[in-house]
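Report on the following structure.
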Amino acid sequence: MRGVETVLFLVVVATVVATFARRLRIPAPSLLVVVGVVVGLLPGVPAVQVTPDVISLVVLPPLLFAAGEELPWRDLRAVVRPVAVLSVGLVLLSAAAVVGIAVAVTPLPVGMAFVLGAVLASTDPVAVTALARRLALPSRVQALIQAESLFNDATSLLLFRVALFLAVAGGAASWGRTVAEFAVLAGGGVAVGVLTAIGAFLIRRRTEDPVLETVISLVTPYAGYVVAESIGGSGVTAVVVASVILGTQAERLTTARIRLQVGAVSQTVVFLLESVVFGLIGLQLPELVRRVAGGGPWWLLQALAIAATLVLARLALVFVLSALRQRRQDGRISWQVPAVVSWAGARGVVPLPVVTLDGSALPGRDLVLLLTTAVIVLTLVVQGFTLAPLVRRAGIALDPADLKTEYADARRKLAEAGLSHLDHLVETESAPAFVVDQLRAGWQARLDRVRADTEERGTDLVRGIDYRALRQELIDIEAAELARLFEAGEITDGTRRRIQRLLDLEHAGLED
């Protein structure tokens, strides 16, 4: 199957799958993987092969960038310590556990078992974000799950390079060389990410063309990734750092109209790439089974053992750390949050190289790729379909009624801030009285609608130059109040984004 035909086919399938997934209230990535496996099992379906470079360079950067932009800096600050522990300690523990079970149940030598452990040691930010996006998790839990999956790449990549050295060269790893390589990977990735964010910020601040803004936004993750990889750093880390920084500056970068356009294009690109990547994971599994396992059942048992090992290792460390933290705080130990955090550790996009660092063929790559793909499918399907029921059973999901109340309270406070600013204009005589009266009527009606919990309608007011300028000023006042409510922890990120979009729409309408 040719590349273009495959992509078009996956996009069409993904559109249909996403529609049914939304109606059935199940995660689209998990359903896409299942559909991909079913299609791959059909007779006459050609083999689908995608080079690792395509996944690494074309697919990963924009998906990682979108996931990083969704991570609020306020919530990230609150989970820095547990994220650091999980990004290093849990990756090392998971890799060691996989090495042990792989040596015991597969024909892989220790070196290649190490490669397998390094590949599967970290959770995948694309898969985790796609699964968690639809769950109404508390801000801290959502940030912990997303941040861990975004920042554990440097540790996993270092392990992978050391594993390749041991598997191919058969030598002993040097602690000095390992530490230096980790410093280059992590430090280089962070440095390039910061510079990429600064460069993108300076350029976008001076650009008012919506098309150019959109192009710059799409090119930024690719630029950060390529530059970081070219100097030996982690491209993934560079993209994540740049996206988190730029995500905190979203309201300062451009106008409301451009933010709406860039957001719409970004959501479309993310949907298309996620459709392709999750569909490809499912499509590749049947062909790998036919090529490597010859139809035998042992590969499935091996994959099940490895997947179970990863889950148990994650459960053990997360529960131990959570129990120690809870005992220090109030002495009571609960299972709900650690259970959800543990079960959210899905694996996903893994661009396993075809060759080693010196260009020679990677021995045992097909079996490693089969087991890796099988474990990814298992985690996406099993954990993907059961994560939402677990969240409901744990009772930690945000109540829709509470979210509705939070949204209404935030809109009320924004409207009150606008009315307060109008009072200030009257006292200082800074604006024509008839314009202030019109705006006061509109904002008072807005406040009344929020209190009555009804949908907001437009008002038929005279739109003179003074009126438009003052109304934009009031929207800016509301935007500032929205930022204050979020930084003070009074509203969640979902509520902030929802209201900010409404303000952008209103602001863009005044620009016509």
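The values are calculated or read from the model by the stated rules, or taken from the named source; none is laboratory data. Computed from a prediction, not measured in an experiment: that's the story for all the values here. Here the Cβ positions follow ideal geometry from the backbone for every residue, glycine too, while neighbour counts run over all protein chains shown. With ligands, DNA and RNA removed, areas are computed over all heavy atoms of the protein, side chains included. Shrake-Rupley method; radii C 1.70, N 1.55, O 1.52, S 1.80 Å.
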- [ ] Determine if region 490-511 includes at least one residue that is at pLDDT below 80, more than 23 Å from Q142 (Cβ to Cβ) and among the hydrophobic types (A, V, I, L, M, F, W, C).
- [x] yes
Task: Pairs where the first residue, in region 333-348, is free of Cβ contacts under 8 Å to residues at least 12 places away in the same chain and in a loop (DSSP other than H, G, I, E, B) and the second is surrounded by fewer than 24 Cβ atoms within 10 Å (Cβ to Cβ) and of a type in the set (A, V, I, L, M), C-beta under 6 Å, 6+ apart - done: I333/A323
Open item on the list: Let me spell it out: the conditions are (1) over 30 Å from A132 (Cβ atoms); (2) of a type outside the set (A, V, I, L, M); (3) touching a helix residue (DSSP H, G or I) at 6+ places or on another chain (Cβ under 9 Å); (4) surrounded by fewer than 19 Cβ atoms within 10 Å (Cβ to Cβ), and T428 meets all of them except one. Which number is the exception?
Closed with: (3)
- [ ] Return the total of residues in region 11-53 being free of Cβ contacts under 8 Å to residues at least 12 places away in the same chain and in a helix (DSSP H, G or I).
- [x] 8
Open item on the list: As an exercise: evaluate E148 against (1) without any contact (Cβ under 8 Å) to a residue 40 or more places away in the chain; (2) surrounded by 24 or more Cβ atoms within 10 Å (Cβ to Cβ) and give the number of the one condition it does not meet.
Closed with: (1)
Open item on the list: It is to be established whether one or more residues within region 278-290 are modelled with pLDDT under 90, open to solvent by 40 Å² or more (accessible area, probe 1.4 Å) and under 20 Å from the mean Cα position of the chain (by Cα).
Closed with: no
TODO: Quick one: I306 ticks every box in (1) open to solvent by less than 40 Å² (accessible area, probe 1.4 Å); (2) without any contact (Cβ under 8 Å) to a residue 60 or more places away in the chain except a single one, so which number is it?
DONE: (2)
- [ ] Identify, from the list G345, G364, G359, the residue that is buried (at least 22 other Cβ atoms within 10 Å of the Cβ), modelled with pLDDT under 85, closer than 30 Å to V289 by Cα and not hydrophobic (A, V, I, L, M, F, W, C).
- [x] G345
Open item on the list: For region 87-97, check the following and say yes or no: at least one residue is under 21 Å from the mean Cα position of the chain (by Cα) and open to solvent by 50 Å² or more (accessible area, probe 1.4 Å).
Closed with: yes
Open item on the list: Go through (1) open to solvent by 20 Å² or more (accessible area, probe 1.4 Å); (2) assigned to a helix (DSSP H, G or I) for G418 and report which single condition fails.
Closed with: (1)
TODO: Return yes when L352 is at pLDDT 90 or above, open to solvent by less than 30 Å² (accessible area, probe 1.4 Å) and either under 29 Å from A113 (Cβ atoms) or of a type outside the set (K, R) (or both) and no when it is not.
DONE: no
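So that you can scan it fast, the table gives a plain yes or no per residue for (1) under 18 Å from L158 (Cβ atoms); (2) without any contact (Cβ under 8 Å) to a residue 24 or more places away in the chain; (3) within 24 Å of the chain's Cα centre (by Cα):
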position: A180; (1), (2), (3): yes, yes, no
position: T196; (1), (2), (3): no, no, yes
position: R204; (1), (2), (3): no, no, yes
position: D209; (1), (2), (3): no, yes, no
position: G224; (1), (2), (3): no, no, yes
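Could you tell me whether region 110-127 includes any residue that is open to solvent by 30 Å² or more (accessible area, probe 1.4 Å) and either within 30 Å of L398 (Cβ to Cβ) or part of a helix (DSSP H, G or I) (or both)?
Scanning region 110-127 turns up at least one residue that is open to solvent by 30 Å² or more (accessible area, probe 1.4 Å) and either within 30 Å of L398 (Cβ to Cβ) or part of a helix (DSSP H, G or I) (or both).
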Task: Candidates A410, A445, filtered to the one that is out of contact with any Asp or Glu (no Cβ under 7 Å at 6 or more places or on another chain), modelled with pLDDT under 85 and small (G, A, S) - done: A445
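What are the residues in region 57-103 that are aromatic (F, W, Y) and modelled with pLDDT under 85, if any?
Here is the first cut: in region 57-103, the residues aromatic (F, W, Y) are 65, 73.
Correct list: W73 only.
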